């Protein structure tokens, strides 16, 4: 995002709790500020942000991580007195942030999703599970907090650890990986798509999938239609990524989650011809922007340090080495014209984050036992 807006001569201030934040070392970053950690001390973080936007003149502020998106969206009324905060509003944001809410919207629209269980009592969940493996996911985390369990003992042990670490969790049927895709979009205030790309994950840091290290833009109109249907139902406004996994058993795509923020592979979307950061800037400051619904297919981008993590975790290391040294068309961070981020990334390799983020109170949308197309989500009383 910093590079995209910097190339358009924007004056950019970057804020992070980490001194080694990659964007600090981009030549397009005009000013860098170290903030309190929003996941540990949200009050001090908010005071820090409000002081910045009160004392200096900024057109807009873009939260990048889910936890900062949560805070700035929740306290939009206070912050927007001084700076433009991007959409959506908190009531809409929460339906993508909380997986239970997302699944409720999916069921209402006959969108296929994994068999899902939710209860505060793990014993009751175990009694209702018909087959393993299952996946434990943090209800309000995105990109972290996933454990695969092969039996009831595994589930009981890991579920309690997950709840203690991340807060409320759901349990889902494991979907054998027949392909992972994301629909990346920006919607206007009328909940109409004005920017779209689709990416297929070619390599991931984990054996079960997840965060991608190599991905490619593809045409998948069926997934685009499902994503648009779901986001329109939510009355979405702003950027979002809708994640799908094709079920290897039946060849059908299943909704995994919605990420209500910019995605880690944003660079690939920009390379394919859709400049999401600039579109969001115009949408936030002007209320409208030029639609970009066509994108280049077959464009690839590689996250080099993610590939090194993949090398450590996978057993077929020779194949991975060959893959790493097969040049991709583009790289997420590596740039000869802007070398600072790759240098700092080499000196301080990124680590998986497991810090706490703000937790929500109980959702306003009640969960109940519903079924569609043999998929059931259970609220067990």
Check your understanding: Among the candidates 154, 43, 77, which residue alone is out of contact with any helix residue (DSSP H, G or I) (no Cβ under 9 Å at 6 or more places or on another chain), within 18 Å of residue 284 (Cβ to Cβ) and part of a helix (DSSP H, G or I)?
Key -> 77
Check your understanding: Taking the condition modelled with pLDDT of 95 or more, touching a strand residue (DSSP E or B) at 6+ places or on another chain (Cβ under 9 Å) and part of a helix (DSSP H, G or I), does residue 196 pass?
Key -> no
Study note, to complete from the structure: Exactly one of 62, 24, 10 is assigned to a helix (DSSP H, G or I), modelled with pLDDT of 95 or more and either touching a strand residue (DSSP E or B) at 6+ places or on another chain (Cβ under 9 Å) or under 26 Å from residue 279 (Cα atoms) (or both), and that residue is 24
Point to revise | Only listed residue being at negative phi, in a loop (DSSP other than H, G, I, E, B), modelled with pLDDT of 50 or more and exposed (fewer than 13 other Cβ atoms within 10 Å of the Cβ), chosen from 326, 289, 346 | key: 326
Review point. Looking at residue 54, is it surrounded by fewer than 15 Cβ atoms within 10 Å (Cβ to Cβ) and closer than 28 Å to residue 349 by Cβ?
Key: no
**Study point:** Failed criterion for residue 130 (all others in (1) without any contact (Cβ under 8 Å) to a residue 40 or more places away in the chain; (2) within 30 Å of residue 10 (Cβ to Cβ) hold)
**Key:** (2)
Check your understanding: Looking only at the stretch 146-159, which residues are in contact (Cβ under 8 Å) with a residue 24 or more places away in the chain and either outside the structural domain of residue 170 (by TED's automatic domain parsing) or closer than 24 Å to residue 212 by Cα (or both)?
Key -> 146, 148
Exercise for review: Would you check which residues across the stretch 292-323 are in a loop (DSSP other than H, G, I, E, B) and crowded, with 18+ Cβ neighbours inside 10 Å and list them?
Suggested key: 295, 299, 303
Study note, to complete from the structure: Matching residues in the stretch 252-276 (closer than 18 Å to residue 301 by Cα and either in a loop (DSSP other than H, G, I, E, B) or touching a helix residue (DSSP H, G or I) at 6+ places or on another chain (Cβ under 6 Å) (or both)) number 11
Practice item. For the stretch 329-343, enumerate the residues that are surrounded by 12 or more Cβ atoms within 10 Å (Cβ to Cβ) and either under 24 Å from the mean Cα position of the chain (by Cα) or assigned to a loop (DSSP other than H, G, I, E, B) (or both). Key: 329, 330, 331, 332, 333, 334, 335, 338, 339, 341, 342
Exercise for review: Would you please name the residue that is surrounded by the most Cβ atoms within 10 Å (Cβ to Cβ), looking only at residues in the stretch 174-191 that are out of contact with any helix residue (DSSP H, G or I) (no Cβ under 9 Å at 6 or more places or on another chain) and on the phi < 0 side of the Ramachandran plot?
Suggested key: 175
Practice item. Residue by residue through the stretch 197-219, note down the ones that are crowded, with 21+ Cβ neighbours inside 10 Å and more than 21 Å from residue 313 (Cβ to Cβ). Key: 197, 198, 199, 217
Check your understanding: Looking at the stretch 227-239, is at least one residue at pLDDT 95 or above and part of a strand (DSSP E or B)?
Key -> yes
**Study point:** Which numbered condition residue 89 fails, given (1) within 23 Å of residue 279 (Cα to Cα); (2) touching a residue at least 60 places away in the same chain (Cβ under 8 Å); (3) surrounded by fewer than 19 Cβ atoms within 10 Å (Cβ to Cβ); (4) out of contact with any helix residue (DSSP H, G or I) (no Cβ under 8 Å at 6 or more places or on another chain)
**Key:** (4)
Check your understanding: Does any residue in the stretch 205-229 that is not assigned by TED's automatic domain parsing to the domain that holds residue 149 come within less than 8 Å, Cβ to Cβ, of a residue that is surrounded by fewer than 15 Cβ atoms within 10 Å (Cβ to Cβ) and in a helix (DSSP H, G or I) six or more places away or on a different chain, and which pairs are these?
Key -> 205/313; 206/313; 207/313
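The values are calculated or read from the model by the stated rules, or taken from the named source; none is laboratory data. These numbers come from a predicted model, not from an experiment. For neighbour counting, all protein chains shown are included, and Cβ atoms are generated from backbone atoms with ideal geometry for every residue, glycine included.
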